[in-house]
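The values are calculated or read from the model by the stated rules, or taken from the named source; none is laboratory data. All figures in this text were calculated on a predicted structure; none of them were measured in a lab. As a convention, Cβ positions derive from the backbone with ideal geometry for all residues, glycine included, and neighbour counts pool all protein chains shown.
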Amino acid sequence: MTTTDTLRENRAGRGSGSRRRAWRRRETWAAYGFISPWIIGFLVFTAGPMIASLILSFTNYDGIGASHTVGLANYRHLFEDPAVAKSLMNTLIFAALRVPLSMAVALLLAMLLLRVGRASGFFRTVFYLPVMTPSVAVGILFLLLFNGNVGLINHVLGWFGISGPAWTTDGLWVKPGLVLTSLWSVGSTVIIYLAALKSVPRDLYEAAELDGVGRWNAFRHVTFPQISGTLFFTLIVNTIASLQTFTEAYTAFFGSSNSQTYSNDAALFYVVYLFQQAFQYTHMGYASALAWLLFLVILIITIVQTKVSKRFVYYEGDER
């Protein structure tokens, strides 16, 4: 090969390299263009408000007049306000009751749907439709179903000789009643579990059957490990949603016509109290501090769940 040929190859290589770099730049800008709506939405509707609330949490702002910096006073008040501890405890109890119960009911319904066959499409629609019900309507539904005197739940319990509790006035039964009402919208979790169950390889069940494994052990050693990733996902999502519960409790217990009729002390959830501070008492700075405390609580709980899940969650390709 002559020197001239070598120079020509080097020029061709540099030319093709520059074209590749130009193509990559065009691809990069095109990618930024496609994701720019999400980036703008995130900055305007998520990151921006978060930064604004963090700044407001160090001020005394009523939403109308000028704000005044108060330093850490709002955060110190969090530990002195008894309503914060009460509302946070109510929320944690509600989440501890709702999350495992809703996951268990959703998994049971999904396993039943798996055996329905051709009619599964109809029942999937039936189970999912309640998810579309407005949360305000669910709060009103709670009052209608769980009324201690004329509610349908206590009426049905009376058929079996059981005297139903005062769901709306007895503080001991307020949160269990709200948990049972929340099962109305368990359909989305049912659909997720059904998809996970259908993805479990059938040959694993055939192998278990050949080994003489019963149904319970097949579920324990085959089904549960295979869908553990999905279970973990719904655990995180349902926990976060439960810690932010608001509409049903506020509609049922804190409406203008209900606040004096029903026991709302046990239904004072954290976000309800945050809403009251922000929009009822216009303590925007203190409400912002409440919001950041909730963010910290959710973050800690999620980290703990993630750490613990490493012992139980199985993913394809894991070597254990």
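Numbers at a glance
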| read-out | value |
| --- | --- |
| Output for the range 160-179, where each listed residue is part of a helix (DSSP H, G or I) and more than 16 Å from TYR250 (Cα to Cα) | LEU172, TRP173 |
| Filter result for GLY33 (assigned to a helix (DSSP H, G or I), at pLDDT below 90, not aromatic (Phe, Trp, Tyr) and not assigned by TED's automatic domain parsing to the domain that holds LEU180) | no |
| Test: residue in the range 197-211 that is of a type outside the set (A, V, I, L, M), surrounded by 13 or more Cβ atoms within 10 Å (Cβ to Cβ) and within 18 Å of the chain's Cα centre (by Cα) | no |
| Pairs where the first residue, in the range 160-184, is surrounded by fewer than 16 Cβ atoms within 10 Å (Cβ to Cβ) and the second is of a type in the set (Asp, Glu) and at pLDDT below 85, C-beta under 9 Å, 6+ apart | GLY171/ASP265 |
| Residue that is modelled with the highest pLDDT, among those in the range 263-275 that are crowded, with 19+ Cβ neighbours inside 10 Å and over 20 Å from the mean Cα position of the chain (by Cα) | ALA266 |
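Residue-wise test of (1) modelled with pLDDT of 90 or more; (2) crowded, with 20+ Cβ neighbours inside 10 Å; (3) not in a helix (DSSP H, G or I).
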position	(1), (2), (3)
MET89	yes, no, no
ALA95	yes, yes, no
ALA104	yes, no, no
LEU108	yes, no, no
VAL131	no, no, no
ALA137	no, no, no
THR189	yes, yes, no
ILE192	yes, no, no
